[in-house]
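Enquirer: Dumping the structure here so I can ask a few things about it.
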């Protein structure tokens with residue numbers, strides 16, 4: 001039996017696997033190698049970390065997603081890839097080996113601490129469900145009789161959403177927080193339009209969230225952060241949201257990986273190979289005009305789809321499809337029932353933006369059963385206080 005091996009079970013890997021299982025002939029199998037049993041909906045991690053709902057909303061069992069494809073689908077979980085041998089077309093994991101006819105790298109990304117002294121030792125991060133639970137547990141243990149200092153390093157979308165959710169979490173639990181966001185950019189969310197940024201800044205002003213912009217972190221200690229201006233900021237909790245890097249995979253031959261990313265052509269093939277593709281956060285993808293495609297869930301979904309369609313085209317001897325990313329916009333949730341959105345150039349804020357965010361997320365979940373469950377939890381979260 002011929003085989004397509006997918007390394008990584010995030011958005012790109014899951015989308016690619018679904019398309020391939022629907023369209024490949026019966027003599028092909030799809031092997032998904034992933035460390036975890038469940039697919040985790042990472043755009044909602046900050047809400048799980050702040051007690052908005054439990055882990056059941058943001059994780060789907062991979063076996064449930066591919067329940068009706070078990071004859072041609074292998075989910076290899078708990079295995080770390082130890083070597084990809086390009087000459088033998090072989091992927092080696094800790095306990096097993098898999099030959100491939102086509103290979104898709106969708107390994108995703110991990111936190112990048114940029115070698116800042118003390119950052120990896122003293123900062124919490126928001127990368128996995130365990131990280132989310134650790135953050136919620138740490139925040140829940142803070143004293144209720146005094147203000148606790150929370151420092152979020154990184155003012156991108158994750159840092160902004162987390163700050164808003166933590167502020168609400170503290171109010172619901174009666175834990176007074178003083179939340180500070182540090183970011184090296186001179187403006188908050190520089191990739192967004194001015195009106196969008198003003199809406200977020202206005203919300204932060206009402207919530208008492210402090211911004212320290214144009215500020216870099218020199219080092220992190222157990223209960224403090226030191227800036228590049230040698231200013232010491234107290235921090236009962238420090239959360240690192242300042243960037244990611246591709247997850248590395250051992251390869252049998254040296255490939256020039258710019259900053260660790262797989263270089264791909266316009267068809268998402270790794271340069272120099274006709275049967276190996278890369279999609280999602282591990283791939284350096286350029287759109288028309290040479291602009292890098294942003295590392296977003298929507299781009300990972302589109303890349304996973306294009307990689308799968310090009311595997312099918314390669315198998316059938318048909319022309320490959322060029323990848324073109326069309327940014328549909330971005331929606332940042334800022335607590336229960338409120339969000340700021342930029343959708344196809346139209347900026348708006350409020351409950352409708354929050355509702356649209358929920359509908360988009362439901363559309364990107366994989367099973368109807370899970371969509372109904374998540375929709376129920378989204379709705380009831382509006383009327384419940386957050387839990388520790």
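Enquirer: Would you mind telling me the antiparallel percentage of the DSSP bridges in segment 1-147, rounded to 5?
Expert: In segment 1-147, approximately 40 percent of DSSP beta bridges are antiparallel ones.
Enquirer: If each residue of separation counts as 0.36 nm, what is the full-extension length gain between residue 2 and residue 287 once their alpha-carbon separation is subtracted?
Expert: My answer for the length gained is 99.4 nm.
Enquirer: If you line up the long axis of helix 11-23 against the longest principal axis of the chain, both from Cα atoms, how many degrees apart are they, to the nearest 10?
Expert: 30 degrees
Enquirer: Divide the volume of the convex hull of the Cα atoms of segment 81-136 by its number of residues and quote the answer in cubic angstrom per residue.
Expert: Cα convex hull per residue, to the nearest whole number: 133 Å³.
Enquirer: Any chance you could give the angle, 0 to 90 degrees and rounded to 10, that helix 351-363 forms with the longest Cα principal axis of the chain?
Expert: Orientation of helix 351-363: about 30 degrees from the principal axis.
Enquirer: Now, a different point. Using the beta-carbon distance between residue 26 and residue 94 and R0 = 35 Å, what value does 1/(1 + (r/R0)^6) give for FRET efficiency, to the nearest 0.05?
Expert: Computed FRET efficiency for residue 26 and residue 94: 0.75.
Enquirer: I'd like the antiparallel share, as a percent to the nearest 5, of DSSP beta bridges with both residues in the chain.
Expert: The antiparallel proportion sits near 50 percent.
Enquirer: Further, regarding this structure: What's the ranking of 154-167, 363-376 by average number of surrounding C-beta atoms within 10 Å, highest first?
Expert: In descending order of packing, they fall as 154-167, 363-376.
Enquirer: Based solely on its DSSP helices, what 222 nm [θ] is calculated for the chain when runs of n ≥ 4 H residues each add -39,500 (n - 2.57) and the sum is averaged over all residues, nearest 500 deg cm²/dmol?
Expert: So the helix-based figure for the chain works out to -9000 deg cm²/dmol.
Enquirer: Now, a different point. Evaluate the relative contact order of segment 113-242 (contact order divided by residue number), counting alpha-carbon pairs under 8 angstrom at least 6 apart; express in whole percent.
Expert: 36 percent
Enquirer: With a cut-off of 8 Å between alpha carbons and a minimum separation of six or more residues, what is the relative contact order of segment 321-374 in percent?
Expert: The value is 23 percent.
Enquirer: Further, regarding this structure: 7 Å from Cα along Cα→Cβ at both residue 254 and residue 146: what's the point-to-point distance in nm?
Expert: My value for the distance between the label points is 5.5 nm.
Enquirer: For segment 113-242, what percent of Cα pairs sit more than 21 Å apart?
Expert: 37 percent
Enquirer: Quote to one decimal, in nm, the extra length available between residue 321 and residue 210 on full extension: 0.36 nm per residue of separation minus the C-alpha distance between them.
Expert: Gain in length upon complete extension: 35.3 nm.
Enquirer: By how many nm would the segment from residue 201 to residue 36 grow when fully extended, if each residue of separation counts as 0.36 nm and the alpha-carbon distance is taken off?
Expert: 55.7 nm
Enquirer: Pairing the Cα long axis of helix 129-140 with the longest principal axis of the chain, what angle in degrees results, from 0 to 90 and rounded to the nearest 10?
Expert: For 129-140 against the chain, the angle is about 10 degrees.
Enquirer: Considering only DSSP beta bridges where both residues belong to segment 113-242, give the percentage that are antiparallel (nearest 5).
Expert: Antiparallel: roughly 30 percent of the beta bridges in segment 113-242.
Enquirer: Follow-up. Computed over the Cα atoms, what is the radius of gyration of the chain divided by 2.2 N^0.38 Å, N being its residue count?
Expert: 1.01
Enquirer: What is the spin-label model distance, in nm, from residue 229 to residue 388 if the labels are put 7 Å beyond Cα along the C-beta direction?
Expert: The answer from the label model is 3.7 nm.
No value in this document is a laboratory result; all are computed from the given coordinates. All of these numbers come straight from a predicted model, not from anything done at the bench. For neighbour counting, all protein chains shown are included, and Cβ atoms are generated from backbone atoms with ideal geometry for every residue, glycine included.
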